[in-house]
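Here is the structure we will look at, set down as structure tokens.
No lab work stands behind these numbers, since they all come straight from the coordinates. Small disclaimer: the values here were computed from a predicted structure and weren't measured. Cβ sites come from the backbone with ideal geometry, for glycine too, and all protein chains shown count toward neighbours.
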Amino acid sequence: DAGVTQSPTHLIKTRGQHVTLRCSPISGHKSVSWYQQVLGQGPQFIFQYYEKEERGRGNFPDRFSARQFPNYSSELNVNALLLGDSALYLCASSFVGASNQPQHFGDGTRLSIL
Amino acid sequence: DAKTTQPPSMDCAEGRAANLPCNHSTISGNEYVYWYRQIHSQGPQYIIHGLKNNETNEMASLIITEDRKSSTLILPHATLRDTAVYYCIVRGNTPLVFGKGTRLSVIA
């Protein structure tokens, strides 16, 4: 079975632009979470979605938004890109998002801002 | 902030058991202990999780102390491919909160 897939794998943008990152969860998983990982640090939580509704939001500005589609895939959008948004963006999926269910991660989208 | 404390780095000889410790003295009764690892340039890989009983799967064993204030991840026969950053995470009905993890180097 396919794992979590993310696209694109790499992306280069300039300051002020916007970006859309995509995630397809493992088949049967209904919960998707997004994390940001800057170089040298652990991943930091951005959003969680379950059944197309936002279930959690981390400490990120309103420039970051996300949504989940009826097929449970998800998009992360970032507007007005800053140099500090350069990072690895990770998507994780789980069946329903409960605490006893592990999240499974994709290999991420590496975003570079020039 | 992460609720766990891990040593920043450890070495292990190839073929030997790797024992990675984690302290989580403020863990609550309904919180699970999760272990993930991250190999360079890849997403975190789920290893194992447990509530209070010891757990074993094809990758590793998780030993949780009776008071649940600490745990140990055991890789029984470490290989060079086990070189990675290992994250111990305490999780309730919340997102995963990653600390700095332990950088495990498996040496030939």
Fill in the blank from the handout: Any residue on another chain or 5+ positions along whose placed amide H is under 5 Å from the amide H of residue B:105 is listed here as B:10, B:11, B:12
Exercise for the section: For residue B:69, go through the lysines and keep the ones whose alpha-carbon is under 30 Å away, minus same-chain ones fewer than eight residues off. Expected result: B:3, B:52, B:100
Problem - Rounded to whole Hz, the Karplus (6.51, -1.76, 1.60) HN-Hα couplings of region A:8-13, x for glycine and proline - result: x, 7, 9, 7, 10, 10
Handout entry: Dimensionless Rg/Rh of chain B - Kirkwood Rh, Rg from C-alpha atoms
Key = 0.94
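Could you order peptides A:42-50, A:76-84, B:89-97 by the average number of other Cβ atoms within 10 Å of their residues, highest first? Write down the numbers at each step before the final one.
Numbers: A:42-50: 22.6, A:76-84: 15.2, B:89-97: 18.4.
Order by mean packing, descending: A:42-50, B:89-97, A:76-84.
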Handout entry: Calculated from backbone phi, Karplus (6.51, -1.76, 1.60) coupling profile of region B:16-24 in Hz, x at Gly/Pro
Key = 8, 6, 9, 10, 9, x, 8, 9, 9
Completion exercise
Inverse of <1/r> over all distinct C-alpha pairs of chain A, i.e. the Kirkwood Rh in Å, gives 14.0
Problem - Largest to smallest principal axis extent of the C-alpha atoms in the protein assembly as shown, angstrom - result: 49, 37, 34
Exercise for the section: Enumerate the residues in region B:88-108 having an amide nitrogen under 13 Å from the point lying 7 Å beyond the Cα of residue B:14 toward its Cβ. Expected result: B:106-108
